[in-house]
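The values are calculated or read from the model by the stated rules, or taken from the named source; none is laboratory data. Bear in mind the structure is a predicted one, so any value in this text is a computation, not a measurement. Note that each Cβ is placed from the backbone with ideal geometry, even for glycine, and that neighbours are counted across all protein chains shown.
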Amino acid sequence: MEYIRIGKEDDGAHLLCGGERLHINIDDYHPTITPPPSSNGSFMSPAIFTECNDDMRIVQEEIFGKKICYINSIIFCTSIRDCLF
């Protein structure tokens, strides 16, 4: 959850949707299925950030959880180069 805050407050990205803590009810699982390692709400809904750039911490660092950072690029070749290197 700290990276969601960093993305919004420190980096100035716009959180389009997601990024909320998901609370898992252990009773919803079938008795023969092993429950998740933690059922106390340590799951996060996928987050989509917009208005991002290459200098942002949420773009540069690997975040544990599902997230997408949309970076608007005018030049296609520059975008491909940035993805490869």
(message) I need the full set of residues from the range 66-83 which are at pLDDT below 70 and part of a loop (DSSP other than H, G, I, E, B), in order please.
(response) SER73, ILE74, ILE75
(request) Output the number of the condition that ASN53 fails; it satisfies all remaining conditions of (1) at pLDDT 80 or above; (2) in contact with a strand residue (DSSP E or B) (Cβ under 6 Å, 6 or more places away or on another chain); (3) not aliphatic (A, V, I, L, M). (result) (2)
(request) Scan (1) at pLDDT 85 or above; (2) assigned to a loop (DSSP other than H, G, I, E, B) for the single condition ILE63 breaks and write down its number. (result) (1)
